[in-house]
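Undergrad: I have a structure here, written as structure tokens, and I will follow up with some questions on it.
The values are calculated or read from the model by the stated rules, or taken from the named source; none is laboratory data. The structure presented is a predicted model; accordingly, all values stated were derived computationally and were not measured. Every residue, glycine as well, gets a Cβ built from its backbone with ideal geometry; the counts of neighbours run over all protein chains shown. Just the protein is used for accessible areas: all its heavy atoms, side chains included, with ligands, DNA and RNA removed. Shrake-Rupley method; radii C 1.70, N 1.55, O 1.52, S 1.80 Å.
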Amino acid sequence: MLILAKTAMAILLGFILAIITGLILIPILRRFHIGQYVSHYIGERHLKKEGTPTMGGLIFIIPTIIALILLYFNGSVKITHSLIILIFVFISYAVLGFVDDYLKIKFHNNKGLTIVTKLLAQMIIALIFFYIFMSNGGKSDLVITSLGINLPMGWTFGLFILFLLVGSSNAVNITDGLDGLAGGLSAIAFIAFGVISWNTGWLVGYQEIAIFCFVIAGSLLGFLVFNSHPAKVFMGDLGSLSLGATLATIAILTRHELSLALIGGIFVIETLSSLIQIIAIRKFNKKVFKRAPLHHHFEVMGLNEQDIVRYFWVAGLILAMAAITYGVWL
């Protein structure tokens, strides 16, 4: 019962703080004309969204940090190396996304940071992650218990961390194309990882990781109040990059890297659809999808934006439940 009470408290705290933050922040974003630039490639449906405030990721980032501070002074969470890694990645990718958003707004395009600059920044983040992880007794082994895999990776585990951070952050970023889509799927993913984290009693700071998951899930639910169709604000790269990298971090810390692919199954499918489309066009001069990523394909087919989001949420929820069953029960 105590676990359920902590979970409910964390979700409620994150939600309330996010609502307050949104009510304060959105008028500020409008006042300073921090609006979204929409590429004409996406289609006429989305052109009307141009100018909608962006950098809305602050609506769930700020409350999450404030909630953790309040819980720390209340004695509900303790500072552990696992929590330090988690917060470090969470904030670092938010800063990286902020710079990317700022450049897009300043120059009125979708270019932002160069690929090389982004990769360099992410390499530094992964290196610090790897150093803190290994300095506190972390094992550089890839362990998949269900498949009987225990692969010692040594220093290459740092490259594995980089791969997951880059892949997961970009996957959420690619999925963030419809009102409420990435936010809702991320909330589901964090709830799933929160349940899984409660079951990792061998990990120092597992309770803090679980509470973090439920706080950010609550904050995302608060964000969806403003981001659901018709969206009053977009999360921007600031939000999507931070969410994806944080999910990957939790998966690594709890040693549930395989579960990440299942929990974030929709993110994976969205990314693969974009990759397949690029390869098909460049190599064969043909399109596999009417438009990529997949959610835009369904839009071109005539499906309503809200229906697509609902279907994707349901699919994400089913995958998350399957991951919980695998990660906790089996």
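Undergrad: Please indicate, with yes or no, whether at least one residue in segment 79-96 is farther than 19 Å from GLY239 by Cα and outside any helix (DSSP H, G or I).
TA: Yes.
Undergrad: Can you name every residue in segment 215-232 that is over 12 Å from ILE16 (Cβ atoms), among the hydrophobic types (A, V, I, L, M, F, W, C) and assigned to a helix (DSSP H, G or I)? First the steps, then the outcome.
TA: Taking segment 215-232 and keeping what is over 12 Å from ILE16 (Cβ atoms), we get 216-217, 220, 223-224, 226-232.
Filter once more, keeping what is among the hydrophobic types (A, V, I, L, M, F, W, C): 216-217, 220, 223-224, 226, 231.
Answer for segment 215-232, where residues must be over 12 Å from ILE16 (Cβ atoms), among the hydrophobic types (A, V, I, L, M, F, W, C) and assigned to a helix (DSSP H, G or I): ILE216, ALA217, LEU220, PHE223, LEU224, PHE226.
Undergrad: Quick one: which helices (runs of 4 or more DSSP H) lie wholly within segment 107-203 and hold at least 2 residues that are at positive phi and aromatic (Phe, Trp, Tyr)? Don't jump to the end; show me each part of the working.
TA: Values: elements: 115-135, 156-175, 181-198.
Where helices (runs of 4 or more DSSP H) fall fully within segment 107-203, none carries at least 2 residues being at positive phi and aromatic (Phe, Trp, Tyr).
Undergrad: Another one. Can you say whether GLY137 is buried (at least 19 other Cβ atoms within 10 Å of the Cβ) and small (Gly, Ala, Ser), as far as the supplied structure shows?
TA: Numbers: buried (at least 19 other Cβ atoms within 10 Å of the Cβ): no; small (Gly, Ala, Ser): yes.
Criteria not met by GLY137.
Undergrad: Out of all the residues in segment 157-181, which are more than 18 Å from VAL89 (Cβ to Cβ) and either open to solvent by less than 10 Å² (accessible area, probe 1.4 Å) or not small (Gly, Ala, Ser) (or both)?
TA: Pass one, segment 157-181, residues more than 18 Å from VAL89 (Cβ to Cβ): 174-181.
Result: ILE174, THR175, ASP176, LEU178, ASP179, GLY180, LEU181.
Undergrad: So which of ASP101, ASP141 is charged (D, E, K, R), touching a residue at least 40 places away in the same chain (Cβ under 8 Å) and touching a helix residue (DSSP H, G or I) at 6+ places or on another chain (Cβ under 9 Å)? Give the derivation first.
TA: Values: ASP141 fails: touching a residue at least 40 places away in the same chain (Cβ under 8 Å).
After applying the criteria, what remains is ASP101.
Undergrad: Separate question: Can you find a residue in segment 263-270 that is part of a helix (DSSP H, G or I), open to solvent by 20 Å² or more (accessible area, probe 1.4 Å) and over 28 Å from ILE16 (Cβ atoms)?
TA: Yes, segment 263-270 has at least one match.
Undergrad: If you don't mind, another one. Given the criterion crowded, with 16+ Cβ neighbours inside 10 Å, free of Cβ contacts under 8 Å to residues at least 24 places away in the same chain and of a type in the set (Gly, Ala, Ser), identify the matching residue among ALA320, ALA292, ALA280. Step through it out loud before you land on a result.
TA: Working: ALA320 fails: free of Cβ contacts under 8 Å to residues at least 24 places away in the same chain; ALA280 fails: crowded, with 16+ Cβ neighbours inside 10 Å.
After applying the criteria, what remains is ALA292.
Quick grid of which residues meet (1) closer than 22 Å to LEU71 by Cα; (2) crowded, with 24+ Cβ neighbours inside 10 Å:
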residue: TYR206; (1), (2): yes, no
residue: PHE212; (1), (2): yes, yes
residue: SER219; (1), (2): yes, yes
residue: LEU224; (1), (2): no, no
residue: HIS229; (1), (2): no, no
residue: LEU238; (1), (2): no, yes
residue: LEU243; (1), (2): yes, yes
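Undergrad: Sticking with this one: Only one of these is over 30 Å from PHE157 (Cα atoms), part of a loop (DSSP other than H, G, I, E, B) and among the aromatic types (Phe, Trp, Tyr): PHE312, PHE289, PHE298. Name it. Before the answer, list the steps.
TA: Details: PHE312 fails: part of a loop (DSSP other than H, G, I, E, B); PHE298 fails: part of a loop (DSSP other than H, G, I, E, B).
It is PHE289.
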